[in-house]
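Report on one structure; see the data block that follows.
Readers should treat all values here as calculations from the given coordinates under stated rules, not as data from a laboratory. Small disclaimer: the values here were computed from a predicted structure and weren't measured. Positions of Cβ are generated from backbone atoms using ideal geometry, with glycine treated the same way; all protein chains shown enter the neighbour counts.
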Amino acid sequence: MTALARPTHGRMIGGVCAALARRFGTSATTMRVIFLLSCLLPGPQFLLYIVLWILLPSEDKAHATSW
């Protein structure tokens, strides 16, 4: 598994689904479909997406801070 960071390429909105897909070894499209389907269920999906968007570093910033 790779480090959890939002990629600079392949983003649609914030890159959260692309980052999760890369982390768990699936395609970004699959992760986006799973997210959209989860929005049909009750819960804080949009809030969680926004929190991850804020907390996950961008890939270029993650590489700049690593030694």
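Brief remarks on what is shown
- Taken over the range 4-67, the ratio of Cα radius of gyration to 2.2 N^0.38 Å equals 1.14.
- The magnitude of the dipole of the chain, with charges of +1 and -1 set on the Cβ of Lys/Arg and Asp/Glu and taken from the Cα centre, is near 60 debye.
- In the chain, helical runs assigned H by DSSP with n ≥ 4 each contribute -39500 (n - 2.57); averaged across all residues and rounded to the nearest 500, the mean residue ellipticity at 222 nm is -16500 deg cm²/dmol.
- Here the relative contact order of the chain, from alpha carbon pairs under 8 Å that lie six or more residues apart, stands at 37 percent.
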